[in-house]
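No lab work stands behind these numbers, since they all come straight from the coordinates. Because the structure is predicted, anything quoted here is derived from the model rather than measured. Note that each Cβ is placed from the backbone with ideal geometry, even for glycine, and that neighbours are counted across all protein chains shown.
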Amino acid sequence: MKKLIIFSACALGISALSGCGPRGNQPNVEILQDMMVQPAIKAQRYDDFFKDGVSALVPPEHTVPVGFTPYKYGFNADLADKELKNPYAGLMTPEVLNIGQKFFESNCMACHGVGGQGDGPIAAKFPLKIPALVSDKIKGWSDGRIFHTITMGQGVMGPYASHVPQKYRWQVVNYVRTLQKKQ
């Protein structure tokens, strides 16, 4: 009898432990099914759970995502022009210019062209003329003003803050300065 109880306990233990192994993409036993299958809410879809039906909620006021530094100048180009200082000012090393060129070619060249003349491959499709970065007007801008324009956009140009990290935007500014010196 004692052997039968030991055998039964071992068999039960082995069968219980065999359920713990990996089974590819198949889930284990679903005890609380609501945890495994949850209704997904698509952004901008109507949802009757909320009073106004909006499923994409705005974050609470005065909250800042972790690792995010707010850009304090907003759309105030004049203040950015006065206060922003290029940490790479005058630093025209191959490393700085290569990174600036890489981001320029990835993000700016399509509109502004290889030499910054405003003659990029898609410039003809725009209703307005793309500004030449090598013009006297842009040459007269401070580094901070160019940085601000890359960050916030201007006119039909959208913001590139999410496409080009902050330290690389300054290097794009330096690269634009080298294009201007070639003219």
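Things to note:
- Acute angle (nearest 10 degrees) that the helix 2-18 long axis makes with the longest principal axis of the chain, alpha-carbon atoms: 20 degrees
- In order along segment 63-75, phi translates into HN-Hα couplings of 9, 10, x, 4, x, 9, 10, x, 8, 6, 8, x, 9 Hz, rounded to whole numbers, per the Karplus curve 6.51 cos²θ - 1.76 cosθ + 1.60 with θ = phi - 60° and x for Gly and Pro.
- Taking the chain as a Gaussian network of alpha-carbon nodes connected by springs under 10 Å, the highest mean-square fluctuation of the residues Asp143, Asp119, Asp47 belongs to Asp47.
- Residue pairs, from the table Lys82/Lys167; Lys51/Lys72; Lys72/Lys182, whose Cα atoms sit over 29 Å apart: Lys51/Lys72; Lys72/Lys182
- Sorted largest first, extent of segment 77-182 alpha carbons per principal axis (Å): 35, 31, 28
- Estimated from helices alone, the mean residue ellipticity of the chain at 222 nm is -12000 deg cm²/dmol (sum of -39500 (n - 2.57) over DSSP H runs with n ≥ 4, per residue).
- Using C-alpha pairs below 8 Å separated by at least 6 residues, the relative contact order for segment 77-182 is 37 percent.
- Among Ile14, Ile146, Ile130, residue whose mean-square fluctuation peaks in a GNM of the chain (springs only between Cα atoms under 10 Å): Ile14
- Candidates Phe103, Phe75, Phe49, ranked by Gaussian network fluctuation over the chain, Cα under 10 Å, top entry: Phe49
- Taking the charge dipole of the chain about its Cα centre, with +1 at Lys and Arg Cβ atoms and -1 at Asp and Glu Cβ atoms, the residue from His163, Gln101, Ala123 reaching farthest to the positive side is Gln101.
- Sites counted here are GluC sites (Glu not before Pro) in a DSSP loop (not H, G, I, E or B) having no more than 15 other Cβ atoms within 10 Å; the longest part of the chain that contains none of them is 62-183.
- Taking θ as phi - 60° and the Karplus parameters 6.51, -1.76 and 1.60, the scalar couplings of segment 159-176 work out to x, 10, 4, 7, 9, 10, x, 3, 5, 7, 4, 5, 6, 5, 4, 4, 5, 4 Hz in sequence order, x denoting glycine and proline.
- Relative contact order, percent, the chain [alpha-carbon distance under 8 Å, six or more residues apart]: 19 percent
- Per principal axis, descending, Cα span of the chain in whole Å: 99, 48, 35
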